[in-house]
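All remarks here apply to the structure that follows.
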Amino acid sequence: MDYEKVYVFQPGGDRPAKRRRVQPQRLQTSWKQRRRVFEQAWSIQQRAIDARLNGINTSTVDKVWEFLNQAILHGQSGRIPTGIILTGADGATEAGISKQVAEKARVGKHRRILVSLSSNSGANLKALLKSLIAKATSRQTGSHDDEDVDDEEDGLRKTRSTGTKLLNYDLQILHNHVRESLTEQVIVTLEDTEAFDSDLLSELVELLGCWQDRIPFACLFNVATSVDFLQQRLSKAAIKVLDGQVFDLAPSSDEVEQVCEAMSDSGAPLWQGSGLMSTALERQHDYILSIDSFVTAVKYACMSAFYANALSVFLAPEAESYDITADHVEALRHLDSFKAYARRLLDDRHVAVLRDLLGSDAALRSLALDKIAEGRRKLSALMQALKVIRLIQQTLPNTSVSSVSSLYVQAMSGKLIGSPLIRSLLLTVRKAPSNIAVGLLRALMLSHSEKCTPTFSECQQLLVRFETLIESQTHSTKPLRSEDDIQNTTLRTTVVAQKVELSKQKSALSEQDKKYTELLGLLATGIEEIFADNLVNPHALVFHEIFIYDLKSPYREVFTPRPRHAIERALATPHDYLDCDCCGSEQGGERVEATLAATQPATAVLYQLYLESGSLINASDLWQAFQAVLGDGREEAETMALFQRALAELRYLGMMKSTRKRVDHVAKDMWQGL
């Protein structure tokens, strides 16, 4: 083989027969149905989220669009019309505004070309111009695409009109294309302005300014910091050619709130649990992430629920017609919520009903479909009750309004029932003056008619009684106050045995104030009934494991992985991953400390020897220790091959490197746990 250029491998014997495709069995038979249900469920949530996110910056998009239209109508002023969009630190890499502008351009009356450039579009001016020209000339007018466009010709381009050969970074190519296609505006969007090199950005702007009289450029800068910082990064010549206007986007916290509100109102069959949602919100708050990352996390959680949980097939709208196997029904009997439901049946002496559920798959399947539908209705009512809480907080003065995300986490964890938030809210209602109470009743009725939020039965009659009582007050224009109001409480000071004692005393109330206190008590009682009827503990619902997904480990492994910890653990304790008897750490049923063994992988053995060494490791000593562990029953050449491969793998992982201090030593780069 030393003198042969090509070695052809010819396996001996007959080729093995192809393995037969194994048909899905047991719980995996519902895989196709679950995938279909996931696609339907996520499409519902995706539409609701997109509608919310597109609507949150509608006013800003309209202003940007009007700015671009005015640039066309007023003609060229010698400077580039530039929209500076302040996105915030976590929105600089988003293309949301550009996409919405592109959608408007497709239906607009002016012919436009939209080109999106990012910091990785080119490392120098030539590469950036090549990308700009390639994207602008290879797409239809008004289209928008963030992906890089490969140059069809790496060398020269030839114009149709003159036949002159031009370099592929010459803006004359774009000028000819604009003239032939009758384009009225070329919009250049810089998605991550701060990531561009300052000199490169200035050179690009200056060059576009030189061509402004022939190519109608307009720029959109996504700025994560401030206009002052952008001005410091640009040269004076670049600043002179820009005619800028600043536009503000909504902060990312508002976008997160809109996504949470869309999740609660979408009507999707699956709900995110409190633990998972709090973890996603914490990651979104701690790191500089765009809203797209949060939406991706929500989608991954939804996908994990349907792909990993076979019982999610019961969430299908047409689940009654599905051919669900007996394995799925049997799995329902092992759920913790069903076991708790069975205990309640026994306590209530409904033995026949429980016997029927344990023995009949049809009865249990019917119960599961009914309880899942009932649980989803209760969760929808719970989300509506959260709107009532926010409505009351918005109506009452000097009351902070809780965010949708925080209320969602508290509600899904079951901690909102009887919480200090609810108690303080009811106490504030009992202290409200008459004008605030009437406004609160009207807001509750208006929300009930428009958004179908819950209300109590005597709301309309109570509002009439309030208005009648206020109209009967002719001698004063001041609002009525209840006995719980702080203005009707006086502080009394008494000196007894040279000691000062303070005591609170109720002021004398008028007849109207007494009637108002009674009506206000009825209002507080009605609001308390709304909370009592709609605030439920989601974990107390039967079969909540099916329609509530609250596993945090898949989310953490994907979005906050720890690859170094996993690699170190796999090398230190390979038996935990290999699950073999030869190198396990259990002897006689007792777990003992992991020790070196010849049956372990060579890299794991060398890594454990590596942990016992200092910062500089003698290669000869390491080889002798390795040979002492794996050398029994093997030839020295085979052991040396295993040693060299293990050494190369540890070096590839960045755990060791060669050092110039000592030629026969290797330097240690990593320490376990650091």
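The values are calculated or read from the model by the stated rules, or taken from the named source; none is laboratory data. Not measured: the values here are computed from a predicted model. Cβ sites come from the backbone with ideal geometry, for glycine too, and all protein chains shown count toward neighbours.
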Can you run down the residue pairs with Cβ atoms below 8 Å, 6 or more apart or on separate chains, where the first is in the range 299-315 and in contact (Cβ under 8 Å) with a residue 12 or more places away in the chain and in the same structural domain as C260 (by TED's automatic domain parsing) and the partner is hydroxyl-bearing (S, T, Y) and not in a helix (DSSP H, G or I)?
-> A301/Y549; C302/Y549; S304/Y549; A305/Y549; N309/Y549; V313/Y322
Taking the range 263-301 only, how many residues are over 11 Å from the mean Cα position of the chain (by Cα), assigned to a helix (DSSP H, G or I) and modelled with pLDDT under 90?
-> 4
Subset of the range 250-278 (residues that are in contact with a Lys or Arg (Cβ under 9 Å, 6 or more places away or on another chain), farther than 19 Å from L416 by Cβ and hydroxyl-bearing (S, T, Y)) | S266
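Just give me the residues in the range 618-633 being over 21 Å from H665 (Cα atoms) and surrounded by 12 or more Cβ atoms within 10 Å (Cβ to Cβ), in sequence order. I'd like the intermediate steps shown before the answer.
So the first thing to find is which residues in the range 618-633 are over 21 Å from H665 (Cα atoms), and the list is 630-633.
Scanning the range 618-633 gives L630, G631.
Inside the range 601-633, can you point out the residues that are more than 16 Å from Q644 (Cα to Cα), modelled with pLDDT of 80 or more and not in a helix (DSSP H, G or I)?
Pass one, the range 601-633, residues more than 16 Å from Q644 (Cα to Cα): 611-616, 632-633.
The next check asks that each one be modelled with pLDDT of 80 or more; those that pass are 611-616.
Selection gives E612, S613, G614, S615, L616.
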Filter the range 634-663 down to residues that are in contact (Cβ under 8 Å) with a residue 24 or more places away in the chain and within 18 Å of L596 (Cβ to Cβ) and give me whichever is surrounded by the fewest Cβ atoms within 10 Å (Cβ to Cβ).
-> R645
What are the residues in the range 390-424 that are crowded, with 16+ Cβ neighbours inside 10 Å, aliphatic (A, V, I, L, M) and touching a residue at least 60 places away in the same chain (Cβ under 8 Å), if any?
-> L391, I392, V404, V409, A411, M412, L416, I422
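Among the residues of the range 458-497, how many are among the hydroxyl-bearing types (S, T, Y), assigned to a loop (DSSP other than H, G, I, E, B) and modelled with pLDDT under 80? Write out each step before concluding.
Applying the first criterion (among the hydroxyl-bearing types (S, T, Y)) to the range 458-497 yields 468, 472, 474, 476-477, 482, 489-490, 493-494.
Then keep just the ones that are assigned to a loop (DSSP other than H, G, I, E, B); that gives 472, 474, 476-477, 482.
Going one step further and asking which of them are modelled with pLDDT under 80, we end up with 474, 476-477, 482.
Of the residues in the range 458-497, 4 are among the hydroxyl-bearing types (S, T, Y), assigned to a loop (DSSP other than H, G, I, E, B) and modelled with pLDDT under 80.
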Top-ranked residue of the range 269-295 - restricted to ones that are aliphatic (A, V, I, L, M) and touching a Leu at 6+ places or on another chain (Cβ under 9 Å), ranked as surrounded by the most Cβ atoms within 10 Å (Cβ to Cβ) | L276
Quick one: which residue in A305, A326, A237 is within 24 Å of L379 (Cβ to Cβ) and more than 15 Å from the chain's Cα centre (by Cα)?
-> A305
